[in-house]
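The values are calculated or read from the model by the stated rules, or taken from the named source; none is laboratory data. All values derive from a computational prediction rather than experimental measurement. So basically every Cβ, Gly included, is an ideal-geometry build from the backbone, and we count neighbours across all protein chains shown.
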Amino acid sequence: MQTVLITGGTGMIGKSLTTLFLEKGYKVIVLTRKDKKSRRLNVSFAKWDVEKGTIDASAIQAANIIVHLAGEGVADKRWSVKRKQAIVDSRVQSGNLLVKALSENQHQVKTFIAASAIGWYGPDTETSLVNGFVETDSSDNSYLGNTCQVWEQSTSAIATMGIRLVTLRIGIVFNKKGGALAEFIKPAKFGLATILGTGKQIVSWIHQQDLCRIIQYAIETPSLVGIYNAVAPKTISNKKLVLAIAKKTYPIYLPVYVPSFALKIILGEMSIEVLKSAKVSAQKIQAAGFVFDFPTVEEALTDLLK
């Protein structure tokens with residue numbers, strides 16, 4: 001029985017991933033900052049402290065696979081200077097700590113799955129609107145673009161250690177219990193379809209179940225190496241997405257446009273990302289043999305809002 005070590009395992013994606021791994025016959029170790037005991041068979045917790053640079057070496061030694069998801073939530077709070085630094089530090093310092101732990105300890109890790117984000121890419125171009133952004137495209141010279149660049153660099157040394165490194169640039173994750181979809185649903189419950197800006201901006205998204213399945217697929221497919229976009233193959237405009245959610249949430253709804261200037265006042269710098277159009281391609285992961293359960297928003301919403 002192989003053992004998977006997960007960082008960020010107490011978060012929304014991490015919890016779903018743990019359940020999937022248990023179903024597939026893996027043991028799971030979750031790295032956490034707090035002392036915790038597990039009530040589930042084949043799940044245990046190990047302690048680490050990214051700020052102090054400490055980690056339970058026995059967890060590294062026991063793992064065959066590492067899935068690195070840890071990082072402060074990008075959209076959880078308004079982007080103050082302090083908050084932006086915390087977002088960067090949580091990713092870079094945790095990546096550096098794992099590299100250090102692997103270099104200093106005897107271990108049997110053969111596969112390392114690292115999270116990144118589609119914030120790597122800039123606003124759509126004429127080319128991306130046709131073909132979508134692909135993994136070889138350069139990072140954007142913006143806060144999120146630079147953050148993703150140093151985030152990926154923090155674990156890049158893993159590939160020189162004889163460990164297979166797969167980096168996933170993850171789109172906006174839709175799930176039942178929170179995250180982006182929950183924010184879209186809030187006004188829809190009152191019969192309002194709140195379209196952001198012009199509503200023409202392209203949203204590159206993924207159902208949480210497909211994201212967890214991609215991570216599992218990356219673990220179990222030795223030919224997967226390098227960077228892959230983790231987004232659904234069918235992107236959608238903000239307007240069409242909001243209207244689709246409203247239609248499934250409330251029988252009668254009123255489309256309401258939230259102007260860009262209002263979003264800038266409410267969200268500050270984060271509004272740049274909310275209003276940005278970024279069509280990201282899923283072609284590479286599909287060419288590698290992965291088949292999506294939820295390739296379209298319609299299929300995803302039917303599952304998530306049933």
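Only helices (runs of 4 or more DSSP H) wholly contained in the range 212-302 count here; list those with 2 or more residues that are among the polar types (S, T, N, Q).
238-249, 283-287
Is it the case that V4 is closer than 19 Å to A114 by Cα and hydrophobic (A, V, I, L, M, F, W, C)?
On the way: closer than 19 Å to A114 by Cα: yes; hydrophobic (A, V, I, L, M, F, W, C): yes.
For V4, the condition - closer than 19 Å to A114 by Cα and hydrophobic (A, V, I, L, M, F, W, C) - is met.
I need the full set of residues from the range 1-35 which are touching a residue at least 12 places away in the same chain (Cβ under 8 Å) and among the charged types (D, E, K, R), in order please.
Result: K24, K27, R33, K34, D35.
Looking at (1) within 17 Å of the chain's Cα centre (by Cα); (2) without any contact (Cβ under 8 Å) to a residue 24 or more places away in the chain; (3) surrounded by 18 or more Cβ atoms within 10 Å (Cβ to Cβ), which one does V67 not meet, given that it meets all the others?
(2)
Between a residue in the range 255-270 that is over 21 Å from V81 (Cα atoms) and any residue that is in a strand (DSSP E or B) and among the hydrophobic types (A, V, I, L, M, F, W, C), which pairs come within a Cβ distance under 8 Å, given they are 6 or more apart or on different chains?
If the second residue must be in a strand (DSSP E or B) and among the hydrophobic types (A, V, I, L, M, F, W, C), the pairs left are P255/A193; P255/I195; V256/L192; V256/A193; V256/I195; Y257/I195; V258/I195; V258/L196.
Quick one: how many residues across the range 246-272 are touching a helix residue (DSSP H, G or I) at 6+ places or on another chain (Cβ under 6 Å), surrounded by 19 or more Cβ atoms within 10 Å (Cβ to Cβ), closer than 24 Å to K77 by Cβ and of a type outside the set (S, T, N, Q)?
Count: 0.
Evaluate the range 227-234: report whether one residue or more is under 27 Å from K15 (Cβ atoms), without any contact (Cβ under 8 Å) to a residue 40 or more places away in the chain and either surrounded by fewer than 16 Cβ atoms within 10 Å (Cβ to Cβ) or under 16 Å from the mean Cα position of the chain (by Cα) (or both). Show your work before the answer.
So the first thing to find is which residues in the range 227-234 are under 27 Å from K15 (Cβ atoms), and the list is 227-234.
With the extra rule that they be without any contact (Cβ under 8 Å) to a residue 40 or more places away in the chain, the set shrinks to none.
No - not one qualifying residue is present in the range 227-234.
Which condition number does K100 fail, the rest of (1) closer than 22 Å to G179 by Cα; (2) at pLDDT 95 or above; (3) among the basic types (K, R) being met?
(1)
From the residues in the range 189-228 that are small (G, A, S) and within 20 Å of L275 (Cβ to Cβ), which one is modelled with the lowest pLDDT?
If we filter the range 189-228 for residues that are small (G, A, S), which is where we start, we get 191, 193, 197, 199, 204, 218, 223, 226.
Within this subset, residues satisfying the condition of being within 20 Å of L275 (Cβ to Cβ) are 193, 197, 199, 204.
Values: A193: 92, G197: 95, G199: 96, S204: 98.
Checking each candidate, the answer is A193.
Filter the range 165-188 down to the residues that are more than 20 Å from the chain's Cα centre (by Cα) and crowded, with 20+ Cβ neighbours inside 10 Å, then identify the one that is modelled with the lowest pLDDT.
Within the range 165-188, the match that is modelled with the lowest pLDDT is A188.
What is the residue count in the range 235-246 for residues that are more than 12 Å from T194 (Cα to Cα) and either of a type in the set (V, I, T) or modelled with pLDDT under 95 (or both)?
Residues that pass the stated criteria total 2.
If I filter the range 292-306 down to residues being more than 18 Å from the chain's Cα centre (by Cα) and of a type in the set (A, V, I, L, M, F, W, C), which single residue comes out as modelled with the highest pLDDT?
Step by step, filter the range 292-306, then rank; the result is L301.
Within the range 117-159, restricting attention to residues that are without any contact (Cβ under 8 Å) to a residue 12 or more places away in the chain and assigned to a loop (DSSP other than H, G, I, E, B), which residue is surrounded by the most Cβ atoms within 10 Å (Cβ to Cβ)?
T125
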